[in-house]
Amino acid sequence: MKGHVDDTQVNMKPLYRCIECNEESTELYRDYKHGVLKITICKTCQKPVDKYIEYDPVIILINAMLCKVQAYRHILFNTAINIHGKLCIFCLLCEAYTRWRQLPGSSNHTDPEDIIRYAKEWDFYKQFGIAALEQAAFLIGIFIVLFLVKRKTFKSYSEFAFLLKALLLSSYGKLLLIPAVIWEHDYTPLGLRLITLFVLTSNTQAIRVTLNVSRAVSLIAIACGLLLENALSSVQWAV
């Protein structure tokens, strides 16, 4: 189990959050030694600060896929997950591959000595760059809205970085594109839209949990991000 704070840290700034009421807490559980552990009870809602510290990771993942706020608070505030950068790169690679596969003449059954093979390889790098630019535009659109609505929220670089981390982690739904990479499956437009909808729903929950804002504000931020992303995509197609 994780989350124990030594007595010397009690007077420090709270490190964790109650997954039920979002109140801050200095510890998730207390170790009484000899294998005796007791989960900390929230002073505000009188419920366990984080019941998920006793849950199997698979159960936590299922709850996150169901977009439960409690699961998101556990992952974002009460764990030390630091894979958002690698996850972002991996998701972009999967997205670039699916886009590349949809290009005319992108079949891999070409002669290895054929010079066209190398041209197609550059097409993949181009799709990766486009996917990265669109992702950046999406995030910028979100931050513009959130900055205008809650200017006091971004008091430091660390708070900005934390929200960025939450948005990248909540985009894990793009991993559903992995089957397209492994089995070279051609996704239907409906399947791609469903994956996109799931990712956007996860992003909405991440914004709500991180900034403690209403669902309406989260949806407006996501909508602005989509508008900016689509605008960039339209400009690229026009060029």
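The values are calculated or read from the model by the stated rules, or taken from the named source; none is laboratory data. It should be emphasised that the depicted structure is a prediction, and the values quoted were computed from it without experimental measurement. Every residue, glycine among them, receives a Cβ derived from its backbone with ideal geometry; neighbour counts consider all protein chains shown. Ligands, DNA and RNA are stripped out before the accessible areas are found, and what is left, the full protein with its side chains, is counted by its heavy atoms. Shrake-Rupley method; radii C 1.70, N 1.55, O 1.52, S 1.80 Å.
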Looking only at the stretch 40-69, which residues are more than 22 Å from residue 195 (Cβ to Cβ) and crowded, with 18+ Cβ neighbours inside 10 Å?
40, 42, 48, 49, 50, 52, 53
Just one of (1) within 23 Å of residue 228 (Cα to Cα); (2) open to solvent by less than 80 Å² (accessible area, probe 1.4 Å); (3) modelled with pLDDT under 90 trips up residue 103, so point out which.
(1)
Checked the stretch 201-221 for anything under 22 Å from residue 78 (Cβ atoms) and not in a helix (DSSP H, G or I); matches are 212, 213
Against the definition (within 24 Å of residue 229 (Cα to Cα), open to solvent by 40 Å² or more (accessible area, probe 1.4 Å) and modelled with pLDDT of 90 or more), how does residue 169 come out, yes or no?
no
Out of the residues in the stretch 177-225 that are modelled with pLDDT of 90 or more and of a type in the set (Gly, Ala, Ser), state the one that is farthest from residue 92 (Cα to Cα).
216
Residue 82 being assigned to a loop (DSSP other than H, G, I, E, B), at pLDDT below 90 and within 26 Å of residue 164 (Cβ to Cβ)
yes
Look at residue 143 and say whether it is under 15 Å from the mean Cα position of the chain (by Cα), open to solvent by less than 70 Å² (accessible area, probe 1.4 Å) and either at pLDDT below 90 or of a type in the set (Phe, Trp, Tyr) (or both).
yes
Quick check on my filter: what residues within the stretch 1-24 are open to solvent by 30 Å² or more (accessible area, probe 1.4 Å) and modelled with pLDDT of 85 or more?
16, 17, 20, 21, 23, 24
Report whether or not residue 96 is under 21 Å from residue 179 (Cα atoms), among the hydrophobic types (A, V, I, L, M, F, W, C), modelled with pLDDT under 90 and out of contact with any Pro (no Cβ under 9 Å at 6 or more places or on another chain).
yes
Would it be correct to say that residue 27 is touching a Phe, Trp or Tyr at 6+ places or on another chain (Cβ under 9 Å), open to solvent by less than 90 Å² (accessible area, probe 1.4 Å), in a loop (DSSP other than H, G, I, E, B) and modelled with pLDDT under 90?
yes
